[in-house]
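Here is the structure we will look at, set down as structure tokens.
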Amino acid sequence: MNAPVIGADLARRDAGDKLRGRTRFTIDRAAAGMLHAAVRRADVASARIVSIDTAAARAMPGVRAVVTAEDAPGRYGVAIADHPLFAVDRIRFHGEPLAAVAADTFAQARAAADAIVVELEELPAAVTMAEALAPDAPEIHPGWADYEELFPGGKRAGNVAWEATVERGDTDAAFARDDVTVVESTFRVGRQNQTPLEPRACVASFEDGRFHIETSTQVPWAVRDTTAKLLGIAPSDVRVTVPAVGGGFGLKFEFAVEPFAALLARASGRPVRLVNTRRDEMQTALCRENAEIRIRSAVTDEGEIVGREAVVLMDCGAYGGETPFLTTMTAHTLGGNYRLGSVKLLSTAVYTNTAPTGAFRACNGTYNTFALERHTDEICAAIGMDPLEFRRRAVIGNRSLGSTGQVFEGDVLAPMLDRMAALKARTPSREADADGRLYGRATVVGTWFIFVGPSAATVNLNPDGRVTLVTSGVEIGSGSMMQALPQIVSDALGLQPADVTVRAADTDAAGYDVGIGGGRQTVSLGAASTAACAEVKKKILNIASDMLEADPGDLELADGHVSIAGIPDRKVSVAAVAARAQVSTGPISGNGAFTGPGTAAMPGCAAGHMIEALDLPVFAVHDCEVAVDPDTGHVEILSYAVVQDVGRAINPRAIFGQIQGGVVQGLGYALHEEITIDAQGRIRQQGFETYHVPLAPDVVPVEIDLYEGAPSIGPLGTKGAGEVPILNVAAAVACAVSNATGARVQQIPLTPPRVLGLIDGTEPAPDLSHIDPDWSANRLG
Amino acid sequence: MVAAHEARLHVATSVDDAVAVLTEAGGDAVPMAGATWLMRAELRDEPIRPLYVALGRIEALKGVEIAADAVSIGACVTHAELAGGLAGLPEMRGLAQAAGHAATPAVRAVATVGGNLAASGFAAADLAPALLAADAEVEVAGSNGTERLPLAGYLATRDQAAAGSLIVRVIVPRGDCVSAHTRLPLRVAGDYPVAIVSMNVAVSPDGTIADLRIGVGSVEPVAARWTALEEALASQPLDPEAAATAAREHAGVFAPRDGVEASGAYRVRVLPALVRRAIEALAASR
Amino acid sequence: MPVNLVVNGEERAVAAPPLTPLADVLRDTFFLTGAKHVCGEGFCGACTVLVDGKPAVSCLTPVGLLEGSEIRTVELLADPSGDLSPLQAAMERHDAVQCGMCFPGILMSLTALFETDAAPSRDTVRTALAGNICRCTGYERIVEAALSVCQPEAAQ
């Protein structure tokens, strides 16, 4: 017998060529006769467009095509179709596209784009949520009421792009009880840029009346459908293929450069390459949104949370994009972790005159977990309970109600806390390394989920006895297309992972898929692949039963052979079965599909939510030790430990790699990565000189314990493991820094200047006076 | 306006050649050494120049020469070469640290001493405060011959220098002293320091400070000596805490720069800590 | 006037404007797309190559300065037969690679380090990578893999 492939540390099939420098990412792709494109962007945050004159640009050397809003009539959105490809009549953010140019060289395209004459009349701008929610705020979308709604149920008005609410139980009664302590906290977080090393990039061509777009994306089908919608063409006229992607982290979960290149390809008749510069990426990345949070809780002396109310403002920037959808996450992140007697949550996406925000690994969860866990520590201080003891008592367990009234299954968080205690016990504290600096430690919990949703898979058994897996899955670096999926398929068919060819994503070849993100690929694509394999296996066994003259029910499929159970010598190879199929049934293939089962919330609890209950919750416990330099505010991470709920580990080593990488991205969010927006609505960090991601000297090796066995609807009991590692990091670091300094940490990132301000008492608390302490007063009428 | 692909490059063969070409071009030309600063002009929204004069082939600008009384550093010596060339000279330790920790390894391998001092927009240059503390002089070639001037004087006048001016070498006096360089990037490494304190001290037999120079970088737009603190610490023992206290008292002399990554107030606020660390390093290296 | 270079052992001439970044010449003229043009400001290191044996960020290296220079890129590391170099093989063995964009630069930075320091400490390796951004891996496996090459016993 060959060794089992599930649970094996399978190597990556793409590592060799990535190390040789041979892998051709989208930015490395060139086509004969290819043109280069540049986008003309707005350099003000809010203006009326008087005129755009492209005549001079069209006459410049090398220019082959210029396209503008007239060429792209459609509007895009996830919840609301509010977003044109080019600004129409009105500029809403600094960096908004106005026109695009294709030329023989990039320098020519850039020069021509700069030569487009734009006449503007500046309008008042609202660049902060406080400004956008002010009574006299300029209306960023005067026509908001007429926009097409792509998902029903969210309240909208003026600069409120979307409102989602949770109401379960009577919080007024809870806060009025005389046996509770009421604790109120406020938090503010900045944006985080996803910063994949490969920028958003594509090469588009137009042939036989159809577009072919090679692009660096996580969502080939969304690119296909969005490009069609913006261009006003049929989705079937767009083919999207995806080479190896140089990182995504959510940035590539929406369309980006593709429709511009497509328009230019059609207009010029030539392939067109459009690659964002790093400055483009800093200016227009769909950052993790900045957010403002007010939360208050009524808690008994025994640590029972009898009432909780919270308001979360999420800055969606000038257009909604993913952010209105992401309001749904608050119910499960800020509303997660703990049992709540009663709860009211308001999660609002706010339009501002800034670059649109979007998805980033554990969207919304990172800052809501930061807020929730810091709030929890403030509760513990107020009632005088040890923070670990409080968490042991209060975390969600078997049959607990979630905020929207869903019923959780299984005790997961409490045993994970025990596992963290054991991990800490066997790993020496690094307190001595603080060496005179302020030392702090914290253990925090987090609730996340797998973003299930539709996936399709086809498995073809080839005449050589090997199989091809055809999906729209994209390899963005996590390795799931290179490791977990071949492992799942080979396990299902008694083959070795090397026997499984993985087809790169091609919307002309594979069925629909929501895309790669939300930790879903191993679960959703894995489940669809498993279903496809079941069909293939059934066909294999049927043909083998003729060949072996045995009942299919008596046959076993293993080690590349079909054998009769109990008589291992009576066997035929899968290759022989495949050959027989050529002349009996025709080639063998199987199709599989998957979508989320739709777990129920309590009726009437949630309004405006696109995910009312979690099909597949995931939990995480993080622990962190820090040393804080009282003279400079520098925070050093002394140790970091993670206990993560993975369901079942298909490839443990790959998961360890995801956890180390996700934690370090979280350290960037917690400590270094700061986006600030000036009064003119311009993002101040224009590159890596000022946008500081963690570097090799900043990180520590993460101690990891995988928690297996929690309930899961995933194939083989698995859960996605790649998204959640970033979830609790800001929470763990902020709680540890608060413990080290004694300061009330209300904002991240904890850059040295901010931390020193906290120590000195000069760091101002966030001014959230635009969030009414009366929860209901913040709702739309 | 010149586009990058239209710019010309003259590879100079000698200092005289470089000076002649630069002088003739007037303000249209600038010297180029490692190029790591000039190649980012567009990212700083600065214009591309019509002509660049490459200095890297000029033998006279190369090499670190160590004599009994001074070290002569060619303008085209890279940071990495400087760090290596000064190894083993105790009084040059601060300068070696500045050269060995600036920017990133790949930038240190090409970025030069002359470029670091000539880049007037670069407030966070590591070598400038280290060389101020080392009492360095700069030899500048120009159409009227060669002149030697104190580094502070060069830094103050570099933007008004006549076309054709060119740093040839930097001369650092040697002596019975020790030096230290403390820098504060926001991460462990890899970003420009938000504040730098360099010190060079001669210590009397009784352990008190006989002669002290302090260079401060990245706090103001141009690196400068911290003379108020030098005077306050004169004849004092090498006491880190006392020095930090004195630094706090004299931090008001700075007109610090606000930047995207840190405010001016923060840059000044951390100076006492950097002074303490520098004094600790000096005391340890005696 | 063309610039003459030796690229991965091969004499080449390139007629590009003198300020053209070496990264663009390597990628667009010689089709050596291993080095990635990612930030254009020398902080990410994805374009790191060796110029006359020293690491250089090729995005900030004007080709006009390189007459007669010897350039080595990631494409030179593996054996022509395709076998990975010991450093590359260590990265594969440690499952260090994720998206892979940073590796061409990281491998060249480490190659430069090993040519000057055959047995660097862990801290030296980490510091040597301060100019190379990796957004996926959290660095530790890269450091582990590098140490396994130069100090095989220490990394176990």
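The values are calculated or read from the model by the stated rules, or taken from the named source; none is laboratory data. Since we're looking at a predicted model, the values are computed, not measured. Ideal geometry is used to build each Cβ from the backbone, glycine not excepted, and the neighbour counts take in all protein chains shown. Areas reflect the complete protein model, heavy atoms only, side chains present, ligands, DNA and RNA absent. Shrake-Rupley method; radii C 1.70, N 1.55, O 1.52, S 1.80 Å.
Anything in the stretch A:28-48 that is open to solvent by 20 Å² or more (accessible area, probe 1.4 Å) and outside any loop (DSSP other than H, G, I, E, B)? List them, or say none.
Those that are open to solvent by 20 Å² or more (accessible area, probe 1.4 Å) and outside any loop (DSSP other than H, G, I, E, B): A:36, A:40, A:41, A:48.
With the structure loaded, tell me whether residue C:135 is at pLDDT 95 or above, open to solvent by 10 Å² or more (accessible area, probe 1.4 Å) and under 27 Å from residue A:26 (Cβ atoms) or whether it fails that test.
yes
Take the conditions within 12 Å of chain A (Cβ to nearest Cβ), of a type in the set (Gly, Ala, Ser) and in contact with a Ser or Thr (Cβ under 8 Å, 6 or more places away or on another chain) and apply them to residue B:265. Does it pass?
It is false that residue B:265 is within 12 Å of chain A (Cβ to nearest Cβ), of a type in the set (Gly, Ala, Ser) and in contact with a Ser or Thr (Cβ under 8 Å, 6 or more places away or on another chain).
Show the residue pairs meeting these rules: Cβ distance below 8 Å; 6+ apart or different chains; first residue within the stretch A:30-49 and closer than 11 Å to residue A:121 by Cα and in the same structural domain as residue A:66 (by TED's automatic domain parsing); second residue open to solvent by less than 40 Å² (accessible area, probe 1.4 Å) and in a strand (DSSP E or B).
Listed pairs, sorted by first residue: A:44/A:91; A:46/A:91; A:47/A:91; A:48/A:91; A:49/A:91; A:49/A:98; A:49/A:118.
Identify all residues within the stretch C:59-75 that are surrounded by fewer than 21 Cβ atoms within 10 Å (Cβ to Cβ) and over 12 Å from residue C:4 (Cβ atoms); write none if there are none.
Within the stretch C:59-75, C:72, C:75 meet the criteria.
Would you please name the residue that is modelled with the highest pLDDT, looking only at residues in the stretch A:29-62 that are within 25 Å of residue C:32 (Cβ to Cβ) and in contact with a Pro (Cβ under 6 Å, 6 or more places away or on another chain)?
Among those residues, the one meeting the criterion is A:34.
Out of A:511, A:494, report the one residue that is open to solvent by 20 Å² or more (accessible area, probe 1.4 Å), at pLDDT 95 or above and among the small types (Gly, Ala, Ser).
A:511
So that you can scan it fast, the table gives a plain yes or no per residue for (1) part of a helix (DSSP H, G or I); (2) within 16 Å of residue A:547 (Cβ to Cβ):
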{"site": "A:571", "(1), (2)": "no, yes"}
{"site": "A:582", "(1), (2)": "yes, yes"}
{"site": "A:592", "(1), (2)": "no, no"}
{"site": "A:596", "(1), (2)": "no, no"}
{"site": "A:601", "(1), (2)": "no, no"}
{"site": "A:604", "(1), (2)": "no, no"}
{"site": "A:609", "(1), (2)": "no, no"}
{"site": "A:613", "(1), (2)": "no, no"}
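Kindly establish whether residue C:56 is under 30 Å from residue A:192 (Cα atoms), facing another protein chain (nearest Cβ under 7 Å) and open to solvent by less than 20 Å² (accessible area, probe 1.4 Å).
Considered against the rule, which asks whether it is under 30 Å from residue A:192 (Cα atoms), facing another protein chain (nearest Cβ under 7 Å) and open to solvent by less than 20 Å² (accessible area, probe 1.4 Å), residue C:56 comes out as yes.
Filtering the stretch A:672-706 down to residues that are hydroxyl-bearing (Ser, Thr, Tyr) and closer than 14 Å to residue A:287 by Cβ, which residue is nearest to the other protein chains (Cβ to nearest Cβ)?
A:676
Which of the helices (runs of 4 or more DSSP H) contained wholly in the stretch B:193-286 include at least 3 residues that are hydrophobic (A, V, I, L, M, F, W, C), modelled with pLDDT under 95 and open to solvent by 30 Å² or more (accessible area, probe 1.4 Å)?
Once the helices (runs of 4 or more DSSP H) in the stretch B:193-286 are filtered for at least 3 residues that are hydrophobic (A, V, I, L, M, F, W, C), modelled with pLDDT under 95 and open to solvent by 30 Å² or more (accessible area, probe 1.4 Å), nothing remains.
Please find, among A:267, A:310, A:261, the residue that is buried (at least 24 other Cβ atoms within 10 Å of the Cβ) and under 29 Å from residue A:101 (Cβ atoms).
Residue meeting the stated conditions: A:261.
Say whether the condition of being over 19 Å from residue C:42 (Cβ atoms), within 14 Å of another protein chain (Cβ to nearest Cβ) and in contact with a Ser or Thr (Cβ under 8 Å, 6 or more places away or on another chain) is met by at least one residue in the stretch B:39-49.
Taking every residue of the stretch B:39-49 in turn, none turns out to be over 19 Å from residue C:42 (Cβ atoms), within 14 Å of another protein chain (Cβ to nearest Cβ) and in contact with a Ser or Thr (Cβ under 8 Å, 6 or more places away or on another chain).
Residue by residue, here is whether (1) open to solvent by less than 10 Å² (accessible area, probe 1.4 Å); (2) assigned to a loop (DSSP other than H, G, I, E, B) holds:
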position	(1), (2)
A:694	yes, yes
A:701	no, yes
A:705	no, no
A:713	no, yes
A:736	yes, no
A:739	no, no
A:743	no, yes
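Give me a count of the residues in the stretch B:108-162 that are open to solvent by 50 Å² or more (accessible area, probe 1.4 Å) and at positive phi.
Looking only at that region, the number is 1.
So how many residues does the stretch B:225-243 have that are of a type outside the set (S, T, N, Q) and over 25 Å from residue B:127 (Cβ atoms)?
Matching residues across the stretch B:225-243 total 6.
Anything in the stretch A:628-656 that is surrounded by 23 or more Cβ atoms within 10 Å (Cβ to Cβ), within 14 Å of chain B (Cβ to nearest Cβ) and assigned to a strand (DSSP E or B)? List them, or say none.
Across the stretch A:628-656, the qualifying residues are A:628, A:635, A:637.
Taking the condition of being under 15 Å from residue A:47 (Cβ atoms) and without any contact (Cβ under 8 Å) to a residue 24 or more places away in the chain, how many residues in the stretch A:98-141 meet it?
Residues flagged as under 15 Å from residue A:47 (Cβ atoms) and without any contact (Cβ under 8 Å) to a residue 24 or more places away in the chain within the stretch A:98-141 amount to 1.
Check residue A:149 against each of (1) surrounded by 16 or more Cβ atoms within 10 Å (Cβ to Cβ); (2) within 22 Å of residue A:83 (Cβ to Cβ); (3) not basic (Lys, Arg) and name the one condition it does not meet.
Status for residue A:149: all satisfied but (1).
Sort out for me the strands (runs of 3 or more DSSP E) sitting completely within the stretch B:2-91 that have 3 or more residues that are open to solvent by less than 40 Å² (accessible area, probe 1.4 Å).
Per the criteria, B:29-32, B:51-54, B:70-74.
Of (1) within 25 Å of residue C:101 (Cα to Cα); (2) of a type in the set (Gly, Ala, Ser); (3) not in a strand (DSSP E or B), residue C:64 satisfies all except one. Which?
With respect to (1) within 25 Å of residue C:101 (Cα to Cα); (2) of a type in the set (Gly, Ala, Ser); (3) not in a strand (DSSP E or B), residue C:64 is out only on (1).
Need pairs with beta-carbon distance below 7 Å; first residue of a type in the set (S, T, N, Q) and within the stretch B:20-40, second surrounded by 17 or more Cβ atoms within 10 Å (Cβ to Cβ); sequence gap 6+ or separate chains.
Sorted first by the residue in the stretch B:20-40, then by its partner, the pairs are B:23/B:164; B:36/B:107; B:36/B:110; B:36/B:111; B:36/C:42; B:36/C:60.
Might you check whether a residue that is open to solvent by 60 Å² or more (accessible area, probe 1.4 Å), within 12 Å of another protein chain (Cβ to nearest Cβ) and in contact with an Asp or Glu (Cβ under 8 Å, 6 or more places away or on another chain) occurs anywhere in the stretch A:5-27?
For the stretch A:5-27, residues open to solvent by 60 Å² or more (accessible area, probe 1.4 Å), within 12 Å of another protein chain (Cβ to nearest Cβ) and in contact with an Asp or Glu (Cβ under 8 Å, 6 or more places away or on another chain): present.
Quickly run through the stretch A:378-387 and pick out the residues that are touching a strand residue (DSSP E or B) at 6+ places or on another chain (Cβ under 7 Å) and not β-branched (Val, Ile, Thr).
Within the stretch A:378-387, A:378, A:382 meet the criteria.
In the stretch A:152-187, which residues are within 21 Å of residue A:611 (Cβ to Cβ) and crowded, with 18+ Cβ neighbours inside 10 Å?
A:154, A:156, A:160, A:161, A:162, A:163, A:164, A:165, A:166, A:167, A:168, A:169 - these are the residues of the stretch A:152-187 that are within 21 Å of residue A:611 (Cβ to Cβ) and crowded, with 18+ Cβ neighbours inside 10 Å.
Could you grab me the full set of residues in the stretch A:577-599 that are modelled with pLDDT under 95, surrounded by 17 or more Cβ atoms within 10 Å (Cβ to Cβ) and within 13 Å of residue A:461 (Cβ to Cβ)?
none
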